[in-house]
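Before any comments, here is the structure.
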Amino acid sequence: MKLSQARFMIAIAMSCLVAVASLTKAGNFGGGGNNVGGVSIDPTGVVRTATVEENQQLLNLLRNVVTAPAGDLAAATDLRLVSLSGLQDAIIEVRKTGARLPSEIRYLAGLTGVDYVLVDKENNDLILAGPAEPWTLSETGSVVGTETGAAILQLEDLVVALRNVENSRAQGISCSIEPTAEGRQRLNAFLGRMKLRPGQNPSALEAGMKQAFGPQMIKLNGIPATSRYAAILVAADYQMKRLAMAIEDSPVKGLPSYLQLARNTSHAGSMNPRWWMECEYDSLTRNEQGTVWKLTGQGIRTMTEQDAIAADGTATSAGKSDKLAEKWATSMTERFEQLAKEMPVFGDLQNLMDLTVASTLIVQEQLENRSGLELVVLRDQEMLEMPTLDSPQTIAPECSFIKGRSGWVVTASGGVSINAFQIVHDQQVDTSLTNQIASSRATTWWWNK
């Protein structure tokens, strides 16, 4: 299909984007906030936990537009293949009618991960393949599988990942939540004035400490701050912080909070732990012909190191980690798959990792040229406009504090880092991979192996 023809067909039914936008903006209640993974972003960019009422309102709205899967989509499978050529054609056909993009398109036929990226030269196609299952809504409005509770891949995230490969080339994709130097200074001054009396509970100072500390700043790189992709990064980072600091109870056995691990140990007031989640797979392998790639591993590792806090409140890496903070990071990594099913925002983050690696692979290996498929529909903003959310800017000083033997530990920093280029660079050849994975091609844009 020529580019001009594709533009024309999509322009005919551009109005169906309103449906996708309504899904993403469904958390706009009472002045407007966006709700992603149980986390709300208000119009001023303040991030907080969504209330029970907000989650329920979101669910009520989504139930009207998220249709249940039918036919073969209503059954789980270990391997479902999604044709990107067929997906683009399906989007164009829907746009001709002016209808809403159906759930099977928005949720990429129920994929819960990307295990394979395939080049089908014979059919001028690129194929994403992985496990899939029927979808439903979680209690926080996340779209999850009915069999395992795993988060479902979403078209919106694929589009953002693909369009921003070049934007992320220099520094990768990242999110960080950082206290301000001024806030640290105010906190130190407050603690200098306030002394705990013998037997006094340290929590008595918490309200004053939060007020002195002030809001934490959110920094995003590599992707649009108004995208669902960005909201997931922030929400996952925010929820990780809440788990570590015992603000949120862990839903997973064997994952206590960092507070529980560190409560009776000695802490230096000038050294604070930080945690972040980064993209890490067991391997990315390909066949000798460069037509089949396989992605193995859970895709996420939780890391930690110490921040050294100077007198002016600035923080620098100390180049070492706290043993208990490291123990907590290891526990989260080991239990991440289970955690992702209990708190779907972490599953959404895994899916972002998969889609970003797949998109980077397509660009780096020039798979559009190899396959003869131009991803014009997915790439072009005019042809497929993505909805926008309120940009996350700050987090209220909702952090926990540990009173150690030699000072207070304030754990507020965190982040997410996705360096998909490194994953693609480190790929290895696996001679056992064959094109047989895609041999069962069907007439629809998705099919089961």
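Things to note:
- Each residue of the stretch 70-82 is assigned a 3J(HN,Hα), and the resulting list reads 10, x, 5, 5, 7, 10, 6, 8, 6, 8, 10, 10, 10 Hz, derived from the Karplus form 6.51 cos²θ - 1.76 cosθ + 1.60 (θ = phi - 60°), x at Gly and Pro.
- Here the contact order of the stretch 115-203, divided by its residue count and restricted to Cα pairs under 8 Å and six or more residues apart, works out to 11 percent.
- Here the 3J(HN,Hα) profile of the stretch 43-60, calculated from phi with Karplus coefficients 6.51, -1.76 and 1.60 at θ = phi - 60°, is x, 8, x, 7, 9, 7, 6, 5, 6, 4, 5, 5, 4, 5, 4, 4, 4, 4 Hz, Gly and Pro shown as x.
- Scaled to the globular estimate 2.2 N^0.38 Å, the Cα spread of the stretch 52-143, given as radius of gyration, is 1.23.
- Residue exposure proxy: ARG163, ARG63, ARG335, ordered by other Cβ atoms within 10 angstrom of their Cβ from fewest to most, comes out as ARG63, ARG335, ARG163.
- A Förster radius of 22 Å combined with the Cβ-Cβ distance from LYS253 to ARG48 puts the calculated FRET efficiency at roughly 0.20.
- Modelled FRET efficiency - R0 25 Å, GLN289 with GLN171, Cβ distances, 0.05 increments: 0.15
- Between GLU182 and LEU62, the modelled labels are 3.7 nm apart [label points 7 Å from Cα along Cα→Cβ].
- Cβ-derived FRET efficiency at R0 35 Å, THR330 paired with GLN200, nearest 0.05: 0.55
- Annotation: extensible slack from ASN369 through GLN338 equals 7.3 nm (criterion: 0.36 nm per residue apart, minus Cα-Cα distance).
- Highest mean packing comes first when the peptides 347-356, 110-119, 434-443 are listed by Cβ atoms within 10 Å, giving 347-356, 110-119, 434-443.
- P(r) histogram, all alpha-carbon pairs of the stretch 150-217 included - 5 Å bins from 0, percent: 3, 13, 14, 12, 10, 9, 7, 10, 10, 7, 4, 1
All of the numbers you see were taken from the coordinates with simple rules; none came from a lab. In this text, all values refer to a predicted model and were calculated from it rather than measured experimentally. As a convention, Cβ positions derive from the backbone with ideal geometry for all residues, glycine included, and neighbour counts pool all protein chains shown.
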